[in-house]
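Taken together, the values in this text are just the output of simple stated rules run on the coordinates, not laboratory data. Owing to the predicted nature of the structure, the values given are computational and were not obtained by experimental measurement. No Cβ is skipped: glycine too gets one built from the backbone with ideal geometry, and neighbour counts run over all protein chains shown.
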Amino acid sequence: MDAMHYLFAAYAAIWVILALYLFSIHSRQKKLAQEIERLKQALEQR
């Protein structure tokens, strides 16, 4: 393999890792928003 193959592999790996990280952040944010909504409803019922 020449240097360009390694460069392409490195860029591809970085993009995959970045996509997984962003998906992780998105799913955690969605769960937090659901928890906030649940807590708001619990406070309203009191």
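Listed values, structure above:
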{"item": "ALA12 vs. criteria aliphatic (A, V, I, L, M), surrounded by 10 or more Cβ atoms within 10 Å (Cβ to Cβ) and more than 12 Å from the chain's Cα centre (by Cα)", "result": "yes"}
{"item": "Residue check, ALA33 on the phi < 0 side of the Ramachandran plot, free of Cβ contacts under 8 Å to residues at least 12 places away in the same chain and surrounded by fewer than 10 Cβ atoms within 10 Å (Cβ to Cβ)", "result": "no"}
